[in-house]
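Structure, as structure tokens:
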């Protein structure tokens, strides 16, 4: 472990009683509680922390915030591995492990740094220009190597060990940022009784006050504000939380880093929490971000933003350098110079301005800071860290190359190019900032409804102005929320604060020319993506003039930092190149997220089986206990099949289906949609909804019905039973239940509000089970004693109510399998009891339990349509049910079902399909084609005219490979397939043009994904019991 | 009559969940099977029906949607403009008799007593745990006692009712039965960091 060589002996907001051990690139260091990883590295004298994205140049820490473009590290390991963490925002904890990125074999000796020697070659657009050919697919080869050479940290493929939460929050006022303005706004609004949420990205409240050092009154004001804030129960403070998105309806997205400051979360503690906050008003007190200055070698380790230097010195008691040069174009860096000097560093200050206020000059003289006014840093010098800077005379009005006036040795270069208000959240709402000449910054132009800004974000400099701005915004928010009167009294927040000192206006500088008689060095604008000033010039020369085009061509402003330190400098350089004012160059668009957000927190707890919720039948536990495999339909977990030991899915369902035809089987149909249709006009309503008539359906009878969409396409089918004169019980398909329910409600509320009908989903109310097979009645008769189940007592499509012992049951004699069958319903809470009674009785009747797969096999054998056939394109006539539509009444979809295209006799119609030669594979989704069209492709390619008779795929030597020889949409498709236990062969349902007129024809089934062509023969869709004798048997 | 089987029967375990606290942040409890009947009326006579309810059952029908009136064991939820839910823990003879007198011209009655699993959530963190998934402001001013909402938690449709309680925050959450296990798993997961206690069904 090394000594903290750059740790100051006193001061700072660190807890020296809590030393923390951490490692960087395998070397162990020590820091203190209150440090960030970056400040701890600074305290330990570590300069080199990463390699740049493209050129692998050595990089150090530039900032002290989320805008950091250089110091991105990989933290933790194993299942908690996380790349691209900004060291400046990573709070130090004992045992923290971090490694540098994008280097090999080591950070100090990175082989890929050779790329930097050819940096002129690797300019913007290099990859696009160089790796275009020779073939269209060549990029896919190059990409692998390019991505390995460039980039940041590697992701992990190990499942995340942590958990994440989601949460909703509500408030009258959301205050973003807890610096002096945010604190003043929150306290002011809190005093008026508003529900306030104050959000701060940092672990501590105070913002710029935390790094203010000995600024007059700052510490006392902060302490007093925190005490009052703590006493306001209606103000909720959220630290370690970042508002990363602003959306419609004053909805904000936040990420709360619940335990990122710990080695690992405590038991049951999430790592992060994703908040959605709905607010009446919002105040952005999000401060400002400092800009670097653009000059040669401005990316060397040891070049740091002046504000960040101040943070490390004053907040973390870490001295970034002992011999410092401060380079600025504005007043703020003078405080850095003074603080560095007070911390014991030798300091020189270079200012492009020739004149500064007497106050500033006096402070510098008093501090012993050497001043170089009217000068600039022409370039920095050094290898893996800055060692000296070359000072040139500089006239901002006429920037020109000049000879080096002097060289200053240094180990720290603190730079400040001015400050940009942080207005990203307003920008996300469409309020683009505009360039303000006076402050040389992008400032708010329009303020979206509901928003306000205060403090640095509003261009208010200094403690007093920021506090006053916060108070004003807080009062305005209170008024807007109806709290106009007096609330709790408190001291005037800005009282006693000193006025801001006299300010010498900033002189904007966008880049410093290279010194005369020196080699040009890279001048970086965007340090994260290695975009230099010359890249911007190149983009302009090549016609990428628009700011949006320049961004995409050079990648400026992309990646983790989203150009927080580079955007305005780039605009300034572009304006210079175009000879236009910055205001006319425009700005790029701000989009969420403001800071990187982990995918895990957006997912929250919705992982695995809880990616979506599951719906379970009342008998689910029994199915699970029996080892059923489940399939999902509309969120329902349905038993797919019940395998015996060692059985495959195919073996299980074939056994189950055969058993049903031979004896009897029971299947859980609780997932079917169930809707009570009630009221004096229920019959009329159903008559309008279904294509067939329901008015004359007697009480105690069920009827199969089909309903159409308004455009005439089949929506869903099912049976509807008449329970009483004014009460119908409708069933729908499992997947179609929600759609049908919405459809019915929509019609009742918009089309026919005059009908006295109510519909209620009773899917949850009823457990349902179907008993099918020759011995089904025998099973029921053993359980239900008060219903006459004879053909006379309960005929086909009969509906009866009775009891199975003490359990109430509703029995529908309907069949999906083609066998004698009954659907039995009981209230859901009794479902398991009824199921077990039927099982017990079934033992004496050789009854099996079957799943959805066998159910599908049985219905395909019978030719009943289901999901595969009701797929949103088919008409009633396509299904062979055209005659079912009533001609005596109108119904939904009836008119549009008569459109020309809907009654085209060439539309594909339902047919059965079998393998023509017993060979090949039937697949659902296969395209059906006319064999006579098989050689269309050859003709289209100008090939020789093929033989008029296509070869038989079953012929020896026929290769179904590349092709089938078919193109286009074919003449139909295969909708459902199964192995038929009854027929002992593969069968299918499908739609084919001409329908049953093609019965006996051989056609092609093409499955392009597997390059398959199979000969199939058209047959009747009713493979089993076409006369329906078994239904009544 | 057989006892109705809870949808949570196989997963319901009374006892602490998650972080240990001296006092649980939230208690979770399944409410036993209860009577739940829906009455849907017609515009021309719904007010008359409401008057009959008040006269016969001694309970005022809530005027505003999403509000509840309670008298003794019986609560009436106004779930729609002309739709009411009658909820009681025990069989109410007077309610049954009243509903039995209704004809289709008066309104239609739908039994939905097996359709919902009801969970009681109470304690200082009750709001917190619900707001892990419920996008509704549950603070006193926005969501007072005797109010309910129909919303979604974890993609599951729920009815959340805030009960009157002088010294506690109490919600009943009505979950469609087939979603109950999924919801319960979500709820336990959300309660663990807050320190939860699952109480015996009561």
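The values are calculated or read from the model by the stated rules, or taken from the named source; none is laboratory data. Please read all numbers here as calculations on a predicted model, not as lab measurements. Don't worry about glycine lacking a Cβ; one is built from the backbone with ideal geometry, like all the others, and counts go over all protein chains shown.
The condition of being within 22 Å of residue B:166 (Cβ to Cβ), more than 9 Å from chain A (Cβ to nearest Cβ) and assigned to a loop (DSSP other than H, G, I, E, B) does not hold for residue B:121. Screening region A:807-820 for residues that are touching a residue at least 60 places away in the same chain (Cβ under 8 Å) and part of a strand (DSSP E or B) and picking the one that is surrounded by the fewest Cβ atoms within 10 Å (Cβ to Cβ) gives A:810.
Note on region A:94-119: residues that are in a loop (DSSP other than H, G, I, E, B), touching a helix residue (DSSP H, G or I) at 6+ places or on another chain (Cβ under 9 Å) and touching a residue at least 12 places away in the same chain (Cβ under 8 Å) total 2. Per the listing B:4, B:9, the residue uniquely in contact with a helix residue (DSSP H, G or I) (Cβ under 8 Å, 6 or more places away or on another chain), surrounded by 19 or more Cβ atoms within 10 Å (Cβ to Cβ) and either part of a loop (DSSP other than H, G, I, E, B) or within 11 Å of chain A (Cβ to nearest Cβ) (or both) is B:4. Every condition in (1) closer than 30 Å to residue A:470 by Cβ; (2) within 14 Å of chain B (Cβ to nearest Cβ) holds for residue A:164 except the one numbered (1). Listed conditions (1) closer than 30 Å to residue A:836 by Cα; (2) buried (at least 17 other Cβ atoms within 10 Å of the Cβ); (3) in contact with a strand residue (DSSP E or B) (Cβ under 8 Å, 6 or more places away or on another chain) are all met by residue B:104, apart from (1).
Among the candidates A:626, A:678, the residue that is in contact (Cβ under 8 Å) with a residue 24 or more places away in the chain, more than 11 Å from chain B (Cβ to nearest Cβ) and over 30 Å from residue A:568 (Cα atoms) is uniquely A:626. Scanning region A:504-525 for any residue that is assigned to a loop (DSSP other than H, G, I, E, B), out of contact with any strand residue (DSSP E or B) (no Cβ under 6 Å at 6 or more places or on another chain), without any contact (Cβ under 8 Å) to a residue 12 or more places away in the chain and surrounded by fewer than 16 Cβ atoms within 10 Å (Cβ to Cβ) turns up at least one such residue.
Okay, residues lined up against (1) touching a strand residue (DSSP E or B) at 6+ places or on another chain (Cβ under 6 Å); (2) closer than 27 Å to residue A:610 by Cα; (3) more than 8 Å from chain A (Cβ to nearest Cβ):
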{"site": "B:115", "(1), (2), (3)": "no, yes, no"}
{"site": "B:126", "(1), (2), (3)": "yes, yes, yes"}
{"site": "B:136", "(1), (2), (3)": "yes, yes, no"}
{"site": "B:146", "(1), (2), (3)": "yes, no, yes"}
{"site": "B:164", "(1), (2), (3)": "no, no, yes"}
{"site": "B:168", "(1), (2), (3)": "yes, no, yes"}
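Is there a residue being under 30 Å from residue A:576 (Cα atoms), buried (at least 21 other Cβ atoms within 10 Å of the Cβ), touching a helix residue (DSSP H, G or I) at 6+ places or on another chain (Cβ under 8 Å) and in contact (Cβ under 8 Å) with a residue 12 or more places away in the chain anywhere in region A:263-286? Looking through region A:263-286, at least one residue is under 30 Å from residue A:576 (Cα atoms), buried (at least 21 other Cβ atoms within 10 Å of the Cβ), touching a helix residue (DSSP H, G or I) at 6+ places or on another chain (Cβ under 8 Å) and in contact (Cβ under 8 Å) with a residue 12 or more places away in the chain.
For every residue, the table says whether it meets (1) farther than 24 Å from residue A:1025 by Cβ; (2) in contact with a helix residue (DSSP H, G or I) (Cβ under 6 Å, 6 or more places away or on another chain); (3) surrounded by fewer than 22 Cβ atoms within 10 Å (Cβ to Cβ); (4) within 14 Å of chain B (Cβ to nearest Cβ).
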position: A:750; (1), (2), (3), (4): yes, no, yes, no
position: A:755; (1), (2), (3), (4): yes, yes, yes, yes
position: A:759; (1), (2), (3), (4): yes, yes, no, yes
position: A:762; (1), (2), (3), (4): yes, no, no, yes
position: A:786; (1), (2), (3), (4): yes, no, yes, no
position: A:797; (1), (2), (3), (4): no, no, yes, no
position: A:805; (1), (2), (3), (4): yes, no, yes, yes
position: A:826; (1), (2), (3), (4): yes, yes, no, yes
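The set of residues from region A:729-740 being touching a strand residue (DSSP E or B) at 6+ places or on another chain (Cβ under 7 Å), within 14 Å of another protein chain (Cβ to nearest Cβ) and touching a residue at least 60 places away in the same chain (Cβ under 8 Å) comprises A:729, A:734, A:737. Residue count for region B:98-108 under the criterion of being touching a residue at least 40 places away in the same chain (Cβ under 8 Å), more than 8 Å from chain A (Cβ to nearest Cβ) and at negative phi: the result is 4. Counting the residues of region A:700-728 that are surrounded by fewer than 23 Cβ atoms within 10 Å (Cβ to Cβ), within 13 Å of chain B (Cβ to nearest Cβ) and touching a strand residue (DSSP E or B) at 6+ places or on another chain (Cβ under 7 Å) gives 3. A single entry from B:188, B:156 fulfils the requirement of being surrounded by fewer than 23 Cβ atoms within 10 Å (Cβ to Cβ), facing another protein chain (nearest Cβ under 9 Å) and either under 11 Å from the mean Cα position of the chain (by Cα) or more than 24 Å from residue B:70 (Cβ to Cβ) (or both): B:156.
Reported count of residues in region B:30-52, each being more than 11 Å from chain A (Cβ to nearest Cβ), surrounded by 20 or more Cβ atoms within 10 Å (Cβ to Cβ) and in contact (Cβ under 8 Å) with a residue 40 or more places away in the chain, is 1. Taking (1) at pLDDT below 95; (2) closer than 27 Å to residue B:9 by Cα in turn, residue B:167 satisfies each apart from (2).
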